[in-house]
Amino acid sequence: MATQRTAPTFIAGRAVNLMELPAHLADHPSAQIANSTLRQLGDFVQHHTDVMQDPLLSERGKAAKLNPLKVGMARVIAAAAAVNQDAAKQTDKREAAMLAVPAIAPSDAASAAVDVEVRQWWRSLDSKQRADMLQKFQDGPEHQRIEAALLRSPVALADPELLAIRDSWNRQARIDNAGETTAIARDRYAQDYAGDAIKQAAAIFQASTAMPHGDLLRAVVTGDNPMANGAAVFGFSQDAIDRAKVLADGNESVDG
């Protein structure tokens, strides 16, 4: 699925450029999580503005009203980021499985022998003959058995040759698995959209609240929060997140 251009839109009253979401992906789980996060952020920012502008509240009163809401909103954004990151990893695994070169079973001596013969034959070709074969690989699926043997080679091929053979293999694998190829492209686009939307939400949250980094990290990384890695959407490194996990149940300060 081709990447769509970003489109001007408003999130919590702020103009941003966000990836376009095709109508047929509106109900995709990743898009729904992202859009729900944006809606909750919009409600939060409006409430935050109302409280901050309330002349009847002291600074302490404003903090008492807003601090729990800030913590809750930060966790919503981080959780959405973590869920989307996991979904993207699962999509990558599906694509890797689809493009994988099948292994030869240890008991299949005949196939292993064919692999050896193919690789010996390949090494016997001169550069022009190899170039001609690489072109034939690109022209059709007739030589997949040769490609598989070369891609299973325990001795690394020259980089340009390996890249060309892998490209040919991947192209044919996608053709042979057209339905899964389309599904992966659909999922990846929705996940990219979600990643963009959640990143924008994180930036708007930080700009709206000016929440200190240490407080923000502690709010997200708690002892009972499996979505802690989503704190990365706020710009925290994995080292900082891991350190915060260790300190989550203690009294030491966390500096993001």
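The values are calculated or read from the model by the stated rules, or taken from the named source; none is laboratory data. Predicted, not measured: the structure shown is a model, and the values here were computed from it. FYI the Cβ positions are ideal-geometry reconstructions off the backbone, even for glycines, and counts take in every protein chain you see. Ligands, DNA and RNA are excluded from the accessible area calculation, which covers all protein heavy atoms including side chains. Shrake-Rupley method; radii C 1.70, N 1.55, O 1.52, S 1.80 Å.
Criterion first (in a helix (DSSP H, G or I) and open to solvent by less than 60 Å² (accessible area, probe 1.4 Å)) does residue 165 satisfy it? Taking the combined requirement at face value, the residue satisfies it.
Answer yes or no as to whether residue 49 is farther than 30 Å from residue 150 by Cα, at pLDDT below 95 and under 37 Å from the mean Cα position of the chain (by Cα). Yes: the conditions hold for residue 49. Just wondering, is there one or more residues in region 139-146 that are touching a residue at least 40 places away in the same chain (Cβ under 8 Å), assigned to a helix (DSSP H, G or I) and not charged (D, E, K, R)? Among the residues of region 139-146, not one is touching a residue at least 40 places away in the same chain (Cβ under 8 Å), assigned to a helix (DSSP H, G or I) and not charged (D, E, K, R), which makes the answer no. Might you let me know whether region 148-156 holds any residue that is surrounded by fewer than 20 Cβ atoms within 10 Å (Cβ to Cβ), among the charged types (D, E, K, R) and assigned to a loop (DSSP other than H, G, I, E, B)? Among the residues of region 148-156, at least one is surrounded by fewer than 20 Cβ atoms within 10 Å (Cβ to Cβ), among the charged types (D, E, K, R) and assigned to a loop (DSSP other than H, G, I, E, B), which makes the answer yes. From the list 139, 108, 86, the lone residue that is over 30 Å from the mean Cα position of the chain (by Cα), acidic (Asp, Glu) and either at pLDDT 95 or above or under 30 Å from residue 192 (Cα atoms) (or both) is 108.
Residue 27 falls short on exactly one of the conditions (1) of a type in the set (D, E, K, R); (2) modelled with pLDDT under 95; (3) open to solvent by 80 Å² or more (accessible area, probe 1.4 Å), and that condition is (2).
Every condition in (1) within 21 Å of residue 44 (Cβ to Cβ); (2) under 16 Å from the mean Cα position of the chain (by Cα); (3) open to solvent by 60 Å² or more (accessible area, probe 1.4 Å) is met by residue 188 except one, and the failing one is (1). Taking first residues from region 224-238 that are at pLDDT below 90 and partners that are not in a helix (DSSP H, G or I), the Cβ contacts under 6 Å between residues at least 6 apart in sequence or on separate chains come to 228/221.
Please find, within region 105-125, the residue that is nearest to residue 168 (Cα to Cα) out of those that are assigned to a loop (DSSP other than H, G, I, E, B) and open to solvent by 80 Å² or more (accessible area, probe 1.4 Å).
Here the residue is 106.
Okay, residues lined up against (1) in a strand (DSSP E or B); (2) among the aliphatic types (A, V, I, L, M); (3) farther than 30 Å from residue 145 by Cα; (4) open to solvent by less than 80 Å² (accessible area, probe 1.4 Å):
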{"site": "21", "(1), (2), (3), (4)": "no, yes, yes, yes"}
{"site": "39", "(1), (2), (3), (4)": "no, no, yes, no"}
{"site": "45", "(1), (2), (3), (4)": "no, yes, yes, yes"}
{"site": "57", "(1), (2), (3), (4)": "no, yes, yes, yes"}
{"site": "66", "(1), (2), (3), (4)": "no, yes, yes, yes"}
{"site": "71", "(1), (2), (3), (4)": "no, yes, yes, yes"}
{"site": "95", "(1), (2), (3), (4)": "no, no, no, yes"}
{"site": "103", "(1), (2), (3), (4)": "no, yes, no, no"}
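Among residues of region 177-189 that are within 13 Å of residue 96 (Cα to Cα), those with a Cβ under 7 angstrom from a residue that is assigned to a helix (DSSP H, G or I), sequence gap 6+ or separate chain, pair up as 177/98; 180/98; 181/174; 184/91; 184/94; 184/95.
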